[in-house]
């Protein structure tokens, strides 16, 4: 962290760091050798000139040594760095951003990939769009590895161009985008700071909202990024511990504080009800997996972000579970009233 700020800062590049490429591609990786190669192949197939982009692979596994493989796969075009310990998702990304030199920065995890012509479409849109904007976001597709299904995300707007207030309102309530779909102007990070490192699940969402409230965003729907959803993801690991619930609550609080009072009144009650309902569904899933501590954490966070959650069928169903007897005692008034 930087002084009293909750996120690190990014100092400007010094004048001697020249030339600056157009694009820095940052790939955080952790124990996914085969998927990393697939990700790299999708980047190298874009046909960018060597002097116009750089690739930085940041390995968060202190026990691996992928430098020879990365050099072989990229014909020496990637800088490979391995951390001496697993420092966490967003600390790893922030460290790589500090090593970057590009005017624009694209972060893409080792298990994601981009479609043909992604960078060409993004660069063309940036070049032809007048005015200042700090972030460009593409269309993205979720890929579910369990059933090999491709699920296109809903569009962010009716067409290409600068995203307005409706996007900011939507982003305050939930995160409709995925990291590989976004490239960020370096000076946006310099002005607004890097990702918060104390929100391992929602650090990206918190930054997207922080950025969208300060700088215009450009929507480029004809470029496509792919987000892989699979059981080995770090997101799934966070879900099993219910760390996601605390991060969601804290991020909703931060977003609400940044909104005008009128927007907050219009947006946040429904957003809180939505996320509380999702937390209770996660609690039910945790109970099915005999993860009672995680289930209790989900339930408590759901009731914190939305006190009305105690009157929902999902809450009462969870409260009846035998492993939650201590929690049922704490909510005994509700349990007695509704027979839970």
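The values are calculated or read from the model by the stated rules, or taken from the named source; none is laboratory data. Since the model is a prediction, treat every value here as computed from it, not as a measurement. Note: ideal-geometry Cβ built from the backbone for every residue, glycine included; neighbour counts use all protein chains shown.
Things to note:
- Selected residue [within 17 Å of the chain's Cα centre (by Cα) and within 30 Å of residue 124 (Cβ to Cβ)] from 78, 109: 109
- Options 281, 265, 240: the member that is modelled with pLDDT of 95 or more, part of a helix (DSSP H, G or I) and either outside the structural domain of residue 152 (by TED's automatic domain parsing) or within 22 Å of the chain's Cα centre (by Cα) (or both): 265
- Subset of the range 189-212 (residues that are farther than 14 Å from residue 7 by Cβ and in a loop (DSSP other than H, G, I, E, B)): 201
- Flag if residue 290 is outside the structural domain of residue 209 (by TED's automatic domain parsing) and in a loop (DSSP other than H, G, I, E, B): yes
- Test set (1) in a loop (DSSP other than H, G, I, E, B); (2) outside the structural domain of residue 155 (by TED's automatic domain parsing) - residue 250 fails condition number: (1)
- Residue within the range 292-301 that is over 31 Å from the mean Cα position of the chain (by Cα), crowded, with 18+ Cβ neighbours inside 10 Å and either within 28 Å of residue 256 (Cβ to Cβ) or at pLDDT 90 or above (or both) present: no
- Within the range 1-38, the set of residues being more than 23 Å from residue 208 (Cα to Cα) and touching a residue at least 24 places away in the same chain (Cβ under 8 Å) comprises 17, 19, 20, 21, 30, 31, 32, 33, 35, 36, 37, 38.
- Answer residue from the range 47-65, given it is over 21 Å from the mean Cα position of the chain (by Cα) and surrounded by 19 or more Cβ atoms within 10 Å (Cβ to Cβ) and is farthest from residue 95 (Cα to Cα) among those: 48
- Residues being out of contact with any strand residue (DSSP E or B) (no Cβ under 8 Å at 6 or more places or on another chain) and either within 13 Å of residue 223 (Cα to Cα) or surrounded by 17 or more Cβ atoms within 10 Å (Cβ to Cβ) (or both) - total across the range 124-167: 1
- Condition check for residue 215: modelled with pLDDT of 95 or more, in contact with a strand residue (DSSP E or B) (Cβ under 7 Å, 6 or more places away or on another chain) and surrounded by fewer than 21 Cβ atoms within 10 Å (Cβ to Cβ): yes
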